[in-house]
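Presented below is the structure to which this report refers.
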Amino acid sequence: MEKSPKQPKSYRILVITASVLLIAMGLFHGSGYSFVVDTMNQSNSESFIKDVFPVLFLHPSIHLLGMAALALFTLFMKHDQRKVLRILSLIILFSVLASFYLSAWLPGILLLLAVGCLAMASVKG
């Protein structure tokens, strides 16, 4: 059985940094859930919207946490971690574009930093 080459320390640092940024953004976004629920309950929207919108609000948080978990999983992969990191970078880049479109500059910049870390890790890994 072949031993996989050891990943450089810079690769591990970049992946962990990107994952920490993604986890922080996911938790920060999810912390607004109770505000969204309260706001929707006070609104005069239809009951269907009141039930569905808070669940839809959680989707980006779950998305970011999942991307962080997948990035951390690449630390234990033996093959094709570069491909996974490149795909993750592209997926998160769409979140960056959405953040900038919605004028959420700080989240957009933090997500862009995570994309940069993952892209550099895909070159080093």
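Things to note:
- Segment 13-54, residues that are in a loop (DSSP other than H, G, I, E, B) and surrounded by 11 or more Cβ atoms within 10 Å (Cβ to Cβ): 32, 43, 45
- Filtered residues of segment 64-78 (kept if within 8 Å of the chain's Cα centre (by Cα) and surrounded by 18 or more Cβ atoms within 10 Å (Cβ to Cβ)): 64, 65, 67, 68
- Answer residue from segment 100-118, given it is surrounded by 14 or more Cβ atoms within 10 Å (Cβ to Cβ) and more than 26 Å from residue 11 (Cβ to Cβ) and is modelled with the lowest pLDDT among those: 104
- Of the listed requirements (1) over 16 Å from residue 12 (Cα atoms); (2) modelled with pLDDT under 95, residue 80 misses just one: (1).
- Selected residue (only one of 61, 10 is of a type in the set (S, T, N, Q), touching a residue at least 24 places away in the same chain (Cβ under 8 Å), loosely packed, with under 15 Cβ neighbours inside 10 Å and part of a helix (DSSP H, G or I)): 10
- Residue in segment 59-68 that is more than 17 Å from residue 113 (Cβ to Cβ) and at pLDDT below 90 present: no
- Hits in segment 20-65 (condition: among the small types (Gly, Ala, Ser) and closer than 18 Å to residue 104 by Cα): 24, 26, 30, 31, 32, 61
- Index of the failed condition, residue 78 passing every other in (1) in a helix (DSSP H, G or I); (2) out of contact with any Gly (no Cβ under 7 Å at 6 or more places or on another chain); (3) touching a residue at least 24 places away in the same chain (Cβ under 8 Å): (1)
The values are calculated or read from the model by the stated rules, or taken from the named source; none is laboratory data. This is a predicted model, so every value here is computed, not measured. No Cβ is skipped: glycine too gets one built from the backbone with ideal geometry, and neighbour counts run over all protein chains shown.
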